[in-house]
Amino acid sequence: MKIKMWRRNFFLGLCALAFLFLAQTSAHAQAGNDLALLDVMVTQAVNDEPLILNKQTVVRVVAQATAATDARVTVEFDGRTFTQTKRVETTPTNADVFVGAPQSFQMQTVRVQLDATDEQPDADVSNNTRTLTLPMVKPNEKIVAYFLPVDWTEEQRARYNFTENFPRFVRENATYLQAAYPVSDDQIAVDWTNVPHMLAANEKSLSNNQGDFDAISSHLLYASISLAARRLKPEATLVVGVFPPGWFAAHGNKSALGLALADVKGTVTAQYVLTDATTSAHELAHLYWMYEDYDYSIKPSRPYTWLDRSGYFVQKQVPQDISNNQKIPTFLSAYSPERPSWVDTRAYEYLMAKFTIESGGQVTEPMILAATMSRQVEPDGKNFPSDYSAGYQRFEPKQTVYVAVAAAGMRGGENLEARWFQRDSQVFKENKTLTAGNAWYAFAVRNRNGMPQDMYRVEIYLDGKLVKTSTFEVKSSQ
Ligand SMILES: [Zn+2]
């Protein structure tokens, strides 16, 4: 009985489909082909972020046609016009237009137009243009990275074809840094030497004979690398010491690929993996107090944090599109050669704020640049995440949870509000009045008896308008 009913409905369904199909085709024949502009996204690393002055940019134009057709895509950006021809399909089709780096510091108006190029006229041209207006940020941080090979023997240099591969490794790291960090092309300078710095015996041990972390030896190691590099490059703000493969394992640290000592500012180490261009981006983020995006203190452990928003590796022309079945780890996650990483909103916004608020950067309009979760904030009214604690995602129940909010270019007198939620119920709210200019503001929640283990979020409002949402989890590692 049931089967019979189903068959009946099935055939009725088929008839209805056939009818729809006929109806649609005849409608097209009457109206002609319609080319339509569905969406425009202007991206430098992460979608929907303010534009950084002088940073490489891509404009993604999403188009669709009722019958596949060639279209001319015209993009006006920063006073220049870019044109390319693209085959537009009957499904949403991306045309990625690389528009260089914006040079004028102003509200950017981006105009996009789509024109049919073949004989077939466009039935409806009212859906062919779009104009966006985007604010800009001018960070004021200057990063001079110096790559120093450390402890490479003749034999290792020969085995890994060092003379050819090391400069390539440095170049790939530099490109990744320039692409993934919210800075202009001229804010990151990279230099290197191919003469290895050899360590003394007492500088080589990362753990003592009990297997514990050896602080004295590690500091000697960092001091030695730091001095050697700064002798060669005095203006270096970042020294990346690059060890030969296997060095960490041979000297007491089985799992590390890189290491940053919080109290030796400006020097990081990385183990050479030719295919890993992300090491310096990861280690440098630690120097700006960003925490790891892996968590091995809970069960099951979490090696990755996934991107929360799509983005673009513009310099390599590689989209970083995420979906339910395509996940991309952040560069602060554990390294895996099979999973190329990228930057998420959390890290990008925090670094943009870090490079703007404290360094005298500028914005084209008042903006909240970031709302960064952290376990500590700098005292004396400075309020930025401190001591290796920016970007925390999981808090112990009795820890104080901070959110550091970066307000740039304020006029003064604005109202900033933080609303804290445990799932859908608001648990706390707090207000602050802003002063003119750039500053960090910190809000905190804490429960003496322990916050319930759950998912939380904090919403940040500027004069009543929701401008940022940050999420975190309270979960005990006990
Ligand atoms: Zn790390």
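The values are calculated or read from the model by the stated rules, or taken from the named source; none is laboratory data. From a predicted model like this one, the values you see are computed outputs, not experimental measurements. Counting neighbours? That spans all protein chains shown, and the Cβs are built from the backbone with ideal geometry, glycine included. With ligands, DNA and RNA removed, areas are computed over all heavy atoms of the protein, side chains included. Shrake-Rupley method; radii C 1.70, N 1.55, O 1.52, S 1.80 Å.
Give the calculated FRET efficiency between residue 39 and residue 165 to the nearest 0.05, with a Förster radius of 30 Å applied to their Cβ-Cβ distance. According to the calculation, E is roughly 0.15. Length gained on full extension, residue 153 to residue 68, computed as 0.36 nm times the residue gap minus the Cα-Cα distance: 24.7 nm.
What do you get for GluC sites (Glu not before Pro) in the stretch 330-371 restricted to DSSP loop and a cutoff of at most 14 other Cβ within 10 Å of the site's Cβ? Don't skip to the answer; put the middle values down first.
On the way: sites: 338, 349, 358; in loops: 338, 358.
For GluC sites (Glu not before Pro) across the stretch 330-371 that sit outside H, G, I, E and B with at most 14 neighbouring Cβ atoms in 10 Å, the list reads 338.
For the stretch 456-478, the residues whose amide N sits under 18 Å from a probe point set 7 Å from the Cα of residue 426 along the beta carbon direction are 456-471. For residue 468, a cut-off of 13 angstrom between C-alpha atoms picks up these aspartates and glutamates, skipping any fewer than 8 places away in its own chain: 48, 49, 349, 417, 459.
Counting heavy atoms of the protein chains only and a 1.4 Å probe, report the per residue accessible area for the stretch 32-134 as a whole number of Å².
Numbers: 4440 Å² over 103 residues.
Accessible surface, normalised per residue, equals 43 Å².
Per-residue 3J(HN,Hα) values for the stretch 231-237, derived from phi via the Karplus relation 6.51 cos²θ - 1.76 cosθ + 1.60 with θ = phi - 60°, read 5, 8, 9, x, 8, 4, 9 Hz in sequence order (x marks Gly and Pro).
Hey, can you find the accessible area per residue of the stretch 354-474 for me, probe 1.4 Å, expressed in square angstrom? It would help to have the intermediate numbers written out before the result.
On the way: 5400 Å² over 121 residues.
It amounts to 45 Å² per residue over the stretch 354-474.
To put it simply, the accessible area of the chain at a 1.4 Å probe is 51 percent carbon and sulfur. May I ask for the angle, rounded to the nearest 10°, between helix 162-180 and the longest principal axis of the chain, with both axes built from Cα atoms and the value confined to 0 to 90°? With both axes taken from Cα atoms, the answer is about 60 degrees.
For the chain, a Kirkwood radius taken over Cα pairs fed into Stokes-Einstein (4 °C, viscosity 1.567 mPa s) yields D = 51 µm²/s. Rounded to 0.05, the FRET efficiency of the residue 83 and residue 200 pair, given R0 = 45 Å and the Cβ-Cβ distance, is 0.15.
Checking the cross-link pairs 233/382; 398/429; 299/429; 299/398; 429/475; 299/382 against a 25 Å limit on the alpha carbon distance flags 233/382; 299/429; 299/382 as lying beyond it. Measuring r between the beta carbons of residue 447 and residue 118 and using R0 = 60 Å, the FRET efficiency lands at 0.35.
If you take every residue apart from residue 384 with its C-beta less than 12 Å away from the C-beta of residue 384, what net charge results, scoring Lys and Arg +1 and Asp and Glu -1? Residues close to residue 384 contribute a combined charge of -2.
What do you get for GluC sites (Glu not before Pro) in the stretch 38-142 restricted to DSSP loop and a cutoff of at most 10 other Cβ within 10 Å of the site's Cβ?
Working: sites: 76, 89, 119, 141; in loops: 89, 119, 141.
The qualifying sites are 119.
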